[in-house]
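Report on the structure given below.
The values are calculated or read from the model by the stated rules, or taken from the named source; none is laboratory data. These numbers were taken from a predicted model, which means no experiment stands behind them. Here the Cβ positions follow ideal geometry from the backbone for every residue, glycine too, while neighbour counts run over all protein chains shown. Heads up: the accessible areas ignore ligands, DNA and RNA and are worked out on the full protein's heavy atoms, side chains in. Shrake-Rupley method; radii C 1.70, N 1.55, O 1.52, S 1.80 Å.
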Amino acid sequence: MTFFTEENLELAHEIIGRYPKQRSAMIPLLHLAQEQSGWVTEEAMKQIGVLVGTSSAEVLGTCSFYEMFKRHEVGKYVVNICTTMSCALLGAEELLEHAETRLGIKAGSTTSDGLFTLEGAECQAACTEAPCLQVNYRHQYRVTPSDFDQLIDELADPNNEETPRHGVLAQIRQHIPVERSVGAVHPDLVNVPPVWIEEKKEANS
Amino acid sequence: MTELGIPIPHAPGFIANKTPRIVTSRFDYEDSFTIERYEETGGYQGLRTALSKTPEAVHGEVRDASLLGRGGAGFPAGVKWGFCPPGVWPRYLVVNGDESEPGTYKDRLLMELDPHQLIEGCLIACYAIGLSQCFLYVRGEMAVAQERIAQALNEAYAAGYIGKNILGTELSVDIVLHWGAGAYVVGEETALIESLEGNRGMPRLKPPYFPASIGLYGQPTIVNNVETLSNLPWILSNGSEAFKAIGTETSPGTRMVAVSGHVKRPGVYEIVNGTTTFRDLIYGETMCGGIRNDAALKAFVPGGGSAPWFTADQLDLPFEASQVGPEGSMLGSGAIMVMDETTDIPAAALTLTKFYAHESCGKCVPCREGGTWLEQIMRRVVNGSGTKRDLDLLIEVGETICPGDFPHASNKEKGLSAVPFPYKMTTICFVGPSAFAPVHSALTLFREEFEAKVAGNSDRNYVEVTINA
């Protein structure tokens, strides 16, 4: 039942507290779970259900909709090669083929050493820098086959610490200081305009 | 100052130009994303100006500026704000940072390079229409943008710009950073709200209720694009008159446009709205500098993957919705994808159709089934195993998603006259029609290429079935 570490559980409560309805924290908590274990486990979904006040089936429903949540183990580095139009016009298919040959796997699978998962992905908002790819959702621009080989060599080096392992997304988190926080209120508990609006109305009348 | 037409090293893809720079003014600085640089360069002055006025006056200023939404639909932001029903509280602001339309690359730059400008824009919007909480929804696959925004939010909270009693006034607003998790359809505003509520990101049927009246948690909700909000600090600091002095009356200000594909200098440009033409962008010396290898232009997508295609005949159209619409397409999210004469058109169209088929959320049958069939038929045509019958079948399937004449551009050579944008649709949102747009454009403008691919393949396995009632 207890999937989250003590530290992450504290973080989870902090995140839930930011939303007027706790269910909104579902996606952020799924990210947190994925950060903890590299993918989203059944135990994680069960505990998230308890935390946000819904069933684990509901959590699975949300989790399974989104591409980034992996419900099985993936490599330390997930390499997503963009294959949508702008990249396809400038050699994405050839790059993907090269990647498959270099890593010895088909797109959608993981190398036997558990280091790399290769995926053909959709538009990554770097269209002017085609062909592009992402390693754990961090961009590489205008990638040639030799750039790709070099990148794989760098990542395979066990001393490489530049790219965090899969699951770790942003390394800087938002923290709302308690003394500055306005606080989230359930919408049913509010039916008056915020003070700065109310004040002006009084001034007008 | 950066030389014209030269990419800025620390701003991937962005190319500085001599046009007025409203939202990209800080991109030249390597530390553009820090609060120190932001404050030094006039940051948070727009918020101060706003706070010295009444909320109604701030709303009026934005309405007067006729700032058009930069997300795709191009609806005036000030008018959208006015749709909140009076007397219903609380109201929320949701920032749409889920940029994922094929070809679109601008919001990520704004979030990575000038997050404080976006935050200031959010605060101005919250003040103007009484929004008590703001959710900043950033696309999941943008780890760097999430980090920059988190850092900026932490700095702005510490400096007293966000939270309780902002700058010592009554304004108290929390801004919450929310990460997406990879779903194109979530860029649609009602799907974005569903996602923010912790659900599968499927769009809600509208009308009757638009988010401004019933949105997040059933409350009035304003959903604005990142670029739209990033314009607000400048508008408040310089006034709506100065904003309207740039561009045209119906399309004022500037907008960010990404040009990708077969051009010499693909890049993101801030251009003057309404007057800049596609020719300026694609052939301009300080912009893309023409087609690679000086080849001929075959076709281009003018407004993101969903937009029907244009050819050289439409190059002189300006960035003005009222002129691009009647010509059969849309400006969308400011994404131009250029194809030169060497392009295999059916294969290029397939790269877009497979995108929309993959990204269909599955709520509406015509999109879920139709998109998949379009992709499968396109695949067999592209790999040479399609038949002539398939070309008609593509149109038949497309018509179940978009009944009636689909918009397309005019073409002198082929004697085609334009069918104006928009189309009719049998789906809730634009994902379904978007799967058909590239197929229809490619088939209408370059049918001979499709015919060449299916030439010689027999249709004999097809049996016409007629049902007698």
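Here the Kirkwood formula, the inverse mean of 1/r across different C-alpha pairs, assigns segment A:54-205 a hydrodynamic radius of 18.9 Å.
Entry comment: accessible area of segment A:77-156 is 36 Å² per residue, from protein heavy atoms only and a probe of 1.4 Å. Against the main long axis of the alpha-carbon atoms of chain B, helix B:388-401 sits at an angle near 40°.
Per residue, the convex hull spanned by the Cα atoms of segment B:164-308 measures out at 187 cubic angstrom.
Label-to-label distance, A:E179 versus B:D294, with points set 7 angstrom from Cα along the beta-carbon direction: 6.8 nm. Considering only alpha-carbon pairs that sit under 8 angstrom and 6 or more positions apart, the relative contact order computed for segment B:345-454 is 37 percent. Considering only Cα atoms, the convex hull volume of segment B:330-373 works out to 96 Å³ per residue. Geometric descriptor of segment B:150-191, per residue, is 85 Å³ (volume of the convex hull of the Cα atoms).
Mean per-residue shielding of peptide B:348-356 is 4, counting Cβ atoms of other chains within 10 Å of each Cβ.
Across peptide B:189-202, the mean count of Cβ atoms from other chains lying within 10 Å of each residue's own Cβ comes to 4. Taking the inverse of the mean reciprocal distance over all distinct Cα pairs, the Kirkwood hydrodynamic radius of segment B:35-239 comes to 16.7 Å. So if we plug the beta-carbon distance of B:S458 and A:N191 into 1/(1 + (r/R0)^6) with R0 = 60 Å, what FRET efficiency do we get, rounded to 0.05? The computed FRET efficiency comes out at 0.30. Once divided by 2.2 N^0.38 Å, the Cα radius of gyration of segment A:77-156 becomes 0.96.
Three principal axis extents of segment B:108-215 based on alpha-carbon atoms, in descending order, are 41, 31, 21 Å. Within segment A:122-146, find all residues whose amide N lies under 16 Å from a label point positioned 7 Å from the Cα of A:N160 along Cα-to-beta-carbon. Once the point is set 7 Å along Cα→Cβ of A:N160, A:133-141, A:143-146 turn out to lie under 16 Å by backbone N, inside segment A:122-146. Using R0 = 60 Å, the C-beta based FRET efficiency linking B:T466 and A:E42 works out to 0.70.
As a calculated quantity, the FRET efficiency between B:I395 and A:E198 at R0 = 45 Å, using C-beta atoms, amounts to about 0.20. Other residues whose C-beta falls under 13 angstrom from the C-beta of B:K264 contribute a net charge of -1, scoring Lys and Arg +1 and Asp and Glu -1. Within segment B:151-187, whose backbone N sits under 12 Å from a point 7 Å along Cα→Cβ of B:E39? Hits in segment B:151-187 for B:E39 at 12 Å: B:155-161.
Placing unit charges on each Cβ (+1 for Lys and Arg, -1 for Asp and Glu) gives the protein assembly as shown a dipole about its Cα centre, and among A:Q140, A:L89, B:G130 the Cα reaching farthest toward its positive end belongs to B:G130. Each semi-axis of the equivalent ellipsoid for chain B is √(5λ) with λ an eigenvalue of the Cα gyration tensor; in descending order they amount to 40, 26, 19 Å.
Sorted into 10 angstrom bins from 0, the C-alpha pair distances of segment B:1-53 split as 22, 45, 26, 7 percent. Charge dipole of segment B:87-216 (Cα centre as origin; +1 on each Lys and Arg Cβ, -1 on each Asp and Glu Cβ, all else neutral): 300 debye, rounded to the nearest 20.
Among all lysine pairs in chain A that are eight or more places apart or on different chains, how many have alpha carbons less than 26 angstrom apart? The number of close lysine pairs in chain A is 6. Once both labels are positioned 7 Å from their Cα atoms along Cα-to-Cβ, the gap between A:S112 and B:A158 label points is 5.0 nm.
Taking every protein chain into account, the accessible area of chain B amounts to 33 square angstrom per residue (probe 1.4 Å). Summarising the label geometry, the points placed 7 Å from Cα in the beta-carbon direction at A:A57 and A:Y141 lie 4.8 nm from one another. Using a Debye calculation, one point per C-alpha and no hydration shell, please list log10 I(q)/I(0) for segment B:100-167 at q = 0.14, 0.26, 0.27 Å⁻¹ in order. Cα-only, vacuum Debye calculation for segment B:100-167: -0.45, -1.22, -1.27. Can you give the angle from 0 to 90° between the axis of helix B:115-129 and the longest principal axis of chain B, with both taken from C-alpha atoms, to the nearest 10? Approximately 80 degrees, to the nearest ten. Protection proxy ranking for B:322-331, A:46-55, using the average of other Cβ atoms within 10 Å per residue and placing the highest first: B:322-331, A:46-55. Remark: segment B:1-156 projects, on average over all directions, an area of 10.0 nm² (convex hull of Cα atoms).
Based on the reciprocal of the average 1/r between different C-alpha atoms, the Kirkwood radius for the protein assembly as shown equals 25.7 Å.
In chain B, the longest principal axis of the Cα atoms and the axis of helix B:431-445 are about 50 degrees apart. All Cα-Cα separations within segment A:130-205 were binned at 5 Å from zero, giving a P(r) of 3, 10, 13, 12, 10, 7, 6, 6, 8, 8, 7, 6, 3, 1, 0, each value a whole percent of the pairs.
If you sort A:E42, A:E198 by accessible surface, 1.4 Å probe, largest first, the order is A:E42, A:E198. Computed over segment A:29-121, the P(r) curve from all C-alpha pair distances, binned at 10 Å from the origin, holds 16, 37, 27, 16, 4 percent per bin. Other protein chain C-beta atoms within 10 Å of residue C-beta, averaged over B:122-129: 1. You can think of it this way: the chain between B:L416 and B:A245 has 57.9 nm of extra reach, that is 0.36 nm per residue less the Cα-Cα gap.
Shape summary of segment B:345-454, radius of gyration then Dmax from alpha carbon positions: 13.1, 40 Å. Here is the interface size for A with B: some 6300 Å² of accessible area buried, both sides summed, with a 1.4 Å probe.
Annotation: peptides A:71-78, B:359-366, B:302-309, ranked by per-residue average of other Cβ atoms within 10 Å with the highest first, follow the order B:302-309, B:359-366, A:71-78. Divided by 2.2 N^0.38 Å, where N counts the residues, the Cα radius of gyration of segment B:254-340 comes to 0.94.
For the listed peptides B:380-390, A:184-194, B:135-145, B:20-30, a ranking on the average number of other beta carbons within 10 Å per residue, highest first, reads B:135-145, B:20-30, B:380-390, A:184-194.
Accessible surface of segment B:307-360, 1.4 Å probe: 54 percent of it comes from carbon and sulfur atoms.
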